[in-house]
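Mind looking over this structure? Questions follow.
The values are calculated or read from the model by the stated rules, or taken from the named source; none is laboratory data. Model, not experiment: these values are computed from the prediction. Cβ placement follows ideal geometry from the backbone for every residue including glycine, while neighbour counts extend to all protein chains displayed.
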Amino acid sequence: MSYADTQYDTRIASAVALTPTGAKGTWPVTGLAKTVRRLTAIVTTTTTAADPCILSFDLRPVAGSDAGRVTGGVGTLTIPGGTVAGTVVYKHVNVKLRPGQEVVVNATDASAAGVADVGMTVQEDWETPYNIPAMVPSA
């Protein structure tokens, strides 16, 4: 049996130190529009603090530009303090992204020391590039 839609996991950043606060990685949307279905963080070094680490998945309407950036525009993920290595922390979301946009992972509360790989589960939205103003064919 074949399916028209495919969901896949994509990694935004590996070995992300959960402290200090600030940008941890970016993911540009290229080719096809995508729908983000799930945010994930795989803890690879146990978090040591009692406080959580909050990762904000910000949306840049224009890749590489902070003009109009929406904090938590794709969602936020809370990694509890004391989360052991090997744990996958996730949150279901349903956010459509267009080519030319970008996701920025930003630690907004970095009280919990630890390390994680951060990513998303995405689904491609099949569309012809001719219908997407941000896509221009090469000469």
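If ALA49 satisfies every condition in (1) touching a residue at least 40 places away in the same chain (Cβ under 8 Å); (2) within 29 Å of TRP126 (Cα to Cα); (3) not acidic (Asp, Glu) but one, which is the exception?
It is condition (2) that ALA49 fails.
Tell me, which residue of the stretch 69-94 that is touching an Asp or Glu at 6+ places or on another chain (Cβ under 6 Å) and part of a loop (DSSP other than H, G, I, E, B) is farthest from ALA15 (Cα to Cα)?
So the residue we want is ARG69.
Same structure again: Got a number for residues in the stretch 119-133 being outside any loop (DSSP other than H, G, I, E, B) and either in contact (Cβ under 8 Å) with a residue 40 or more places away in the chain or surrounded by 10 or more Cβ atoms within 10 Å (Cβ to Cβ) (or both)?
First, the residues of the stretch 119-133 that are outside any loop (DSSP other than H, G, I, E, B): 119-125, 129-131.
When the remaining residues are screened for being either in contact (Cβ under 8 Å) with a residue 40 or more places away in the chain or surrounded by 10 or more Cβ atoms within 10 Å (Cβ to Cβ) (or both), the result is 119-125, 129.
Residues that pass the stated criteria total 8.
What's the number of the only condition in (1) buried (at least 18 other Cβ atoms within 10 Å of the Cβ); (2) part of a strand (DSSP E or B); (3) among the hydroxyl-bearing types (Ser, Thr, Tyr) that THR44 fails to meet?
Here THR44 meets the rest and fails (1).
In a loop (DSSP other than H, G, I, E, B), loosely packed, with under 15 Cβ neighbours inside 10 Å and either in contact (Cβ under 8 Å) with a residue 60 or more places away in the chain or hydrophobic (A, V, I, L, M, F, W, C) (or both), is that true of THR30?
Numbers: in a loop (DSSP other than H, G, I, E, B): yes; loosely packed, with under 15 Cβ neighbours inside 10 Å: yes; either in contact (Cβ under 8 Å) with a residue 60 or more places away in the chain or hydrophobic (A, V, I, L, M, F, W, C) (or both): yes.
In short, yes.
Also, I was wondering about something else. Check THR10, THR76 and return the single one that is touching a residue at least 40 places away in the same chain (Cβ under 8 Å) and either surrounded by 19 or more Cβ atoms within 10 Å (Cβ to Cβ) or hydroxyl-bearing (Ser, Thr, Tyr) (or both). Give the steps one after another, and end with the answer.
On the way: THR76 fails: touching a residue at least 40 places away in the same chain (Cβ under 8 Å).
Of the residues listed, the single one that is touching a residue at least 40 places away in the same chain (Cβ under 8 Å) and either surrounded by 19 or more Cβ atoms within 10 Å (Cβ to Cβ) or hydroxyl-bearing (Ser, Thr, Tyr) (or both) is THR10.
If you don't mind, there's one more thing I want to ask. Hey, can you tell me all the residues within the stretch 52-63 that are in a strand (DSSP E or B) and either surrounded by fewer than 19 Cβ atoms within 10 Å (Cβ to Cβ) or touching a residue at least 60 places away in the same chain (Cβ under 8 Å) (or both)?
Residues satisfying the conditions are CYS53, LEU55, PHE57.
Right, another one. Exactly one condition in (1) modelled with pLDDT under 95; (2) of a type in the set (Phe, Trp, Tyr); (3) in a strand (DSSP E or B) is not met by TYR3; state its number.
Failed condition: (3).
Okay, moving on. Do you know which residues across the stretch 47-82 are closer than 19 Å to ALA113 by Cβ, touching a Ser or Thr at 6+ places or on another chain (Cβ under 7 Å) and of a type outside the set (Asp, Glu)?
Within the stretch 47-82, THR47, ALA49, PRO52, CYS53, ILE54, LEU55, SER56, ILE79, GLY81, GLY82 meet the criteria.
Just to verify a result, which residue in the stretch 63-83, among those that are among the hydrophobic types (A, V, I, L, M, F, W, C) and out of contact with any Lys or Arg (no Cβ under 9 Å at 6 or more places or on another chain), is modelled with the highest pLDDT? First the steps, then the outcome.
Taking the stretch 63-83 first, the residues among the hydrophobic types (A, V, I, L, M, F, W, C) are 63, 67, 70, 74, 77, 79.
From what's left, out of contact with any Lys or Arg (no Cβ under 9 Å at 6 or more places or on another chain): 63, 74, 79.
On the way: ALA63: 94, VAL74: 98, ILE79: 93.
Ranking the qualifying residues of the stretch 63-83, first place goes to VAL74.
Follow-up. Is there a residue in the stretch 89-111 that is surrounded by fewer than 17 Cβ atoms within 10 Å (Cβ to Cβ), aliphatic (A, V, I, L, M) and touching a strand residue (DSSP E or B) at 6+ places or on another chain (Cβ under 9 Å)?
The answer is no, given that none of the residues of the stretch 89-111 is surrounded by fewer than 17 Cβ atoms within 10 Å (Cβ to Cβ), aliphatic (A, V, I, L, M) and touching a strand residue (DSSP E or B) at 6+ places or on another chain (Cβ under 9 Å).
With (1) acidic (Asp, Glu); (2) outside any strand (DSSP E or B); (3) surrounded by 14 or more Cβ atoms within 10 Å (Cβ to Cβ) as the list, and ASP66 as the residue in question, which single condition is left unmet?
With respect to (1) acidic (Asp, Glu); (2) outside any strand (DSSP E or B); (3) surrounded by 14 or more Cβ atoms within 10 Å (Cβ to Cβ), ASP66 is out only on (3).
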